[in-house]
Structure formats: structure tokens, C-alpha cells
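Report on the following structure.
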Amino acid sequence: MQENENQDELEASISIQEDSDLGSIHINHEVVATIVSLAAREVPGVVSLAGGSIRDGLTGFLGGRRSDIVGVSISEDEDKNYVIGVKVILLFGSPLAKVAEDIQIAVRDQVENMTNKDVARVDVVVDGIKRVEPEDEDNGDD
């Protein structure tokens, strides 16, 4: 029974990309989520990814979902194209809609380039805004 549950969990987290004469290529959805996380964080105006639910936080704490991909969801549509969701915290004063669109483009481009698989949609949820305090400059005598 436990073995079947583990196999179901494994299959749910893996996306079959391609079969060839050499074999098949599998990309774990956590890998795709990491690509999404990194691509979104590189967009100017993004402070961070938004945390998931309390359940996601507890799962990450207990060794399940990694904290760098909380706030990212990956699934596939009927055509096996990625459907991506990402929750973000943006910089106060940023044009929210423009930054969200830039995230969509950056995520789509990175995922398609790195996985060679189409992205059907990228849903961005602006989950908050934050004013980033400037870092204290070291004015000490060196």
C-alpha cells in the first residue's frame, strides 16, 4: 500500500517530456518550480515569492516541499503544456501590472528554453507589496 502511494506521488511530481530511441526524459515538477522561482526573482520590482499556506510551510519544515519554491504551482493541461502559478511580493511604488506581465514573460521564456516544453499559461498573483529599506552603509573607519 505504502509503495503504491509513493509511486503515485512520484508520478504526480514528474513530467514526461519526450520519448526517443535512447529512452525517455523526465523533468520533476520541483525542478520546473525552481526555474520559475529563479526567473521571477530576477524581474525588477520583485521583492520575493509569497509564502504558501500554513500547510505548505509545515510540509517544508518537515522536509517536504522546499522553501525556495513555496508560492509556485506547476501542473499540466490536457495537451501536456505547463500551467504555472506564482505568488509574489512586489516593491512598493512599482507598476504592479507591468511587473506581473514581466514575470509572466520571464517565467514562460525560461521554462520553455530550459525544458523544451510549451507553457500554456502563467498566472501571477500579487500577494503583497513591501517597502524595501536601504541597507545600512558601513561608515566605520577602516
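The values are calculated or read from the model by the stated rules, or taken from the named source; none is laboratory data. Owing to the predicted nature of the structure, the values given are computational and were not obtained by experimental measurement. Don't worry about glycine lacking a Cβ; one is built from the backbone with ideal geometry, like all the others, and counts go over all protein chains shown.
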Requested in this report: Kindly establish whether Arg108 is modelled with pLDDT of 95 or more and not in a helix (DSSP H, G or I).
Outcome: no
Query raised in the report: Are there any pairs, at least 6 apart or on different chains, whose C-beta atoms fall under 8 Å, with the first in the range 124-142 and modelled with pLDDT of 80 or more and the second among the hydroxyl-bearing types (Ser, Thr, Tyr) and not in a strand (DSSP E or B), and if so, which?
Result: Ile129/Ser94
Query - Failed item in (1) at pLDDT below 90; (2) among the small types (Gly, Ala, Ser); (3) surrounded by 13 or more Cβ atoms within 10 Å (Cβ to Cβ), with Gly85 passing the rest - result: (1)
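Quick grid of which residues meet (1) closer than 30 Å to Pro95 by Cβ; (2) at pLDDT 80 or above; (3) assigned to a helix (DSSP H, G or I); (4) in contact with an Asp or Glu (Cβ under 9 Å, 6 or more places away or on another chain):
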| residue | (1), (2), (3), (4) |
| --- | --- |
| Ala33 | yes, yes, yes, yes |
| Val47 | yes, yes, no, no |
| Thr59 | no, no, yes, no |
| Asp68 | yes, no, yes, no |
